[in-house]
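**Q** Encoded as structure tokens, here's the structure I'll be asking about.
The values are calculated or read from the model by the stated rules, or taken from the named source; none is laboratory data. Just so it is clear, the model here is predicted, and its values are computed rather than measured. All Cβ positions, glycine included, derive from the backbone under ideal geometry; neighbour counts span all protein chains shown. The area values use the complete protein model at the heavy-atom level, side chains included, leaving out ligands, DNA and RNA. Shrake-Rupley method; radii C 1.70, N 1.55, O 1.52, S 1.80 Å.
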Amino acid sequence: MNLVFLFLVGVAFAVAATAELTGGAGAMEALSAALVESAAAAVPLALGLVGIMALFLGLMKVAEDGGLLTATARLLEPLLRRLFPEIPAGHPAMGAMVMNVAANLLGLGNAATPFGIRAMEHLERLNPDKGCASNAQVLFLAINTAGITLLPTKVIALRASVGAADPAAVVAPTLVATLVATMVAIVAAKTLQGLWSPPAPIQIIPHPPQPLWPSLLALAGLLGLVPLLLIQGRAIGPWILPGLVVGLLLFGALRRVRIYESFVEGAKEGFVVAVRIIPYLVAILVAVAMFRASGAMAMLLEPLGRLTAPLGLPAEALMMAGMRTLSGSGSYGLLAADLRNPAIGPDGYLGSLLSTLYGSTETTFYVLAVYFGAVQVRRIRHALAVGLIADAAALVTAVVVCRLLF
């Protein structure tokens, strides 16, 4: 992350300085304003996550006390063991990764962050080379950044708010794009793990053979929900979060969990997690804001967009893909503005493509900064390359699927 941070800040300064010296008055002033504003915005952003983190950590504590997470982890463990052979059987890292993937599946966004950080903490305890990303950590982040999404609830809500004829129309292309991105990310992580300064050798834990079919059956059941979501996605979307809250609390009550005390105990961790990630948010938000405000991002993407437009990838889509990789809040604001633009709108090809790109790509730089920073990993090895490869795969797939459907 040292080189990434220095690159973003250095390029931003160089572009702004060149503009200022060649007659672009105000370039350095804009860069200074972006720097200060982004640093100031990091704390409210982190504190704004407190409520969300408290809610989902509280609910997951109820689920954990009721045994739901253990059962889910046991169901998916045969599949995860094949991907992560270095993790011992029954290790808590498995459960944390399952929670993270589940949050991403439901499009719950920020709810995935505390679970991902917890998984990284467990994986770091298994890491023999502290401070250097292990193969398991890179692979987990690859799956996280690809983020298979069964229901992009945030995008559906935004599209509904701007009057889309079918807010849930992007469910299928988002799912296809994230599935392809995840498969590409796994292959890239496994392929590149021996090339970027390999970490210290780690003992591969032998596991007793377990059948894979229960895990595959569970995944097939999740994918079986896709037709229902396509047909009734607009009606089902608003029920997801309330149904999740009530369902987990009822499950805990049926399992004789003291649900109120358990929820409060889990929710207490929300504040701790939100405060802990503030320094990493400040660093990445400042770098991204400077890179954008300097004009470096537009300078790179706009000419490229003119070349890719005949392929169905106009400059607006490239800007969304680039912004999504750098900033979640920035890309969401950009999507909202584009969908409200009468020239784009939510229902045509471009509006659907922009919505799909937001739902199927991840804030790779944010994820790397926060997750690795939380466990003080400085050498990220091939993690950035894998994340960008997954983003590129999602971008290409989104264009292909949206051109076929819209």
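**Q** Looking at (1) open to solvent by less than 20 Å² (accessible area, probe 1.4 Å); (2) at pLDDT 75 or above, which is the one condition that is false for Val245?
**A** Tallying (1) open to solvent by less than 20 Å² (accessible area, probe 1.4 Å); (2) at pLDDT 75 or above, Val245 fails exactly one: (1).
**Q** Can you confirm whether Arg324 is part of a helix (DSSP H, G or I), farther than 22 Å from Thr113 by Cβ and not aliphatic (A, V, I, L, M)?
**A** Values: part of a helix (DSSP H, G or I): yes; farther than 22 Å from Thr113 by Cβ: no; not aliphatic (A, V, I, L, M): yes.
Taking the combined requirement at face value, the residue does not satisfy it.
**Q** Moving to a separate point now. Just wondering, is there one or more residues in the stretch 139-161 that are at pLDDT 80 or above and more than 30 Å from Ser352 (Cβ to Cβ)? Can you show your working first?
**A** In the first step, residues of the stretch 139-161 are kept if they are at pLDDT 80 or above; the result is 139-146, 155, 159.
Filter once more, so that each one left must be more than 30 Å from Ser352 (Cβ to Cβ): 139-140.
Yes, the conditions are met somewhere in the stretch 139-161.
**Q** Right, next: Hey, can you tell me all the residues within the stretch 151-174 that are under 30 Å from Val377 (Cβ atoms) and either among the aromatic types (Phe, Trp, Tyr) or open to solvent by 10 Å² or more (accessible area, probe 1.4 Å) (or both)?
**A** Lys154
**Q** Here's another thing I want to ask about it. Please state which one of Ser360, Ser355 is under 16 Å from the mean Cα position of the chain (by Cα), in contact (Cβ under 8 Å) with a residue 24 or more places away in the chain and over 22 Å from Ala188 (Cβ atoms).
**A** On the way: Ser360 fails: over 22 Å from Ala188 (Cβ atoms).
Going through Ser360, Ser355 in turn, the sole match is Ser355.
**Q** Being farther than 14 Å from Pro173 by Cβ, among the basic types (Lys, Arg) and touching a Phe, Trp or Tyr at 6+ places or on another chain (Cβ under 8 Å): is that true of Arg324 here? Lay out the reasoning, then the answer.
**A** Working: farther than 14 Å from Pro173 by Cβ: yes; among the basic types (Lys, Arg): yes; touching a Phe, Trp or Tyr at 6+ places or on another chain (Cβ under 8 Å): yes.
Yes; evaluated as a whole, the condition is true for this residue.
**Q** Cβ contacts < 7 Å: first residue outside any helix (DSSP H, G or I), restricted to the stretch 388-406; second residue buried (at least 22 other Cβ atoms within 10 Å of the Cβ), any location; separation 6+ or different chain. Result?
**A** So the pair list comes out as Phe406/Ser352.
**Q** Taking the stretch 289-303, which residues are surrounded by fewer than 15 Cβ atoms within 10 Å (Cβ to Cβ) and out of contact with any helix residue (DSSP H, G or I) (no Cβ under 6 Å at 6 or more places or on another chain)?
**A** Taking the stretch 289-303 as the starting set, the residues that turn out to be surrounded by fewer than 15 Cβ atoms within 10 Å (Cβ to Cβ) are 299, 302-303.
Result: Met299, Pro303.
**Q** For the stretch 363-400, how many residues are open to solvent by less than 20 Å² (accessible area, probe 1.4 Å), modelled with pLDDT of 85 or more and over 18 Å from the mean Cα position of the chain (by Cα)?
**A** Of the residues in that region, 1 qualify.
**Q** Within the stretch 335-344, is even one residue within 21 Å of Ala181 (Cβ to Cβ) and modelled with pLDDT of 80 or more?
**A** Within the stretch 335-344, the subset within 21 Å of Ala181 (Cβ to Cβ) is 335.
Pick out the ones that are also modelled with pLDDT of 80 or more and you get 335.
Yes, the stretch 335-344 contains at least one residue that is within 21 Å of Ala181 (Cβ to Cβ) and modelled with pLDDT of 80 or more.
**Q** Hey, another quick one. Among (1) more than 23 Å from Gly305 (Cα to Cα); (2) open to solvent by less than 40 Å² (accessible area, probe 1.4 Å), which single condition is Leu334 missing?
**A** With respect to (1) more than 23 Å from Gly305 (Cα to Cα); (2) open to solvent by less than 40 Å² (accessible area, probe 1.4 Å), Leu334 is out only on (1).
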